[in-house]
Amino acid sequence: MASRVARLDNVSVKVLVEDVMRRHLDYVGVVREFSTMPPFSLENYELHRDADESDEDYAFRRSLFQ
């Protein structure tokens with residue numbers, strides 16, 4: 001399968017595998033950074049109203065965050 005994908009991408013299998021590994025390591029690095037981030041919170045989130053939004057739509061959207 002790797003050789004078929006490499007042919008489609010016009011690269012060698014070695015280059016294909018190296019690229020896949022590099023992208024995987026980048027992904028792992030990003031996922032590790034998640035553990036050092038503070039937990040997600042809407043405490044300081046300010047909801048902006050859309051210009052064409054009705055009162056009912058805005059109230060409904062606000063209720064999703066309460």
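Readers should treat all values here as calculations from the given coordinates under stated rules, not as data from a laboratory. Since this is a predicted model, take the numbers as computed values, not measurements. We place every Cβ from the backbone using ideal geometry, glycine too, and count neighbours over all the protein chains shown.
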Next item on the list: State, to one decimal in nm, how far the label point of Arg7 lies from the label point of Glu56, with both points 7 Å from Cα in the Cβ direction.
Entry: 5.9
Notebook entry, point to check: Which loop GluC sites (Glu not before Pro) in the chain, with loop taken from DSSP, have no more than 13 other Cβ atoms within 10 angstrom of their Cβ?
Noted result: Glu43, Glu46, Glu53
Next item on the list: First measure r as the distance between the Cβ atoms of Met21 and Ser41, then evaluate 1/(1 + (r/R0)^6) with R0 = 30 Å and state the FRET efficiency to the nearest 0.05.
Entry: 0.25
Check: For Cα Rg over 2.2 N^0.38 Å, which listed value, (i) 1.55; (ii) 1.05; (iii) 2.09, comes from the coordinates shown?
Finding: (iii)
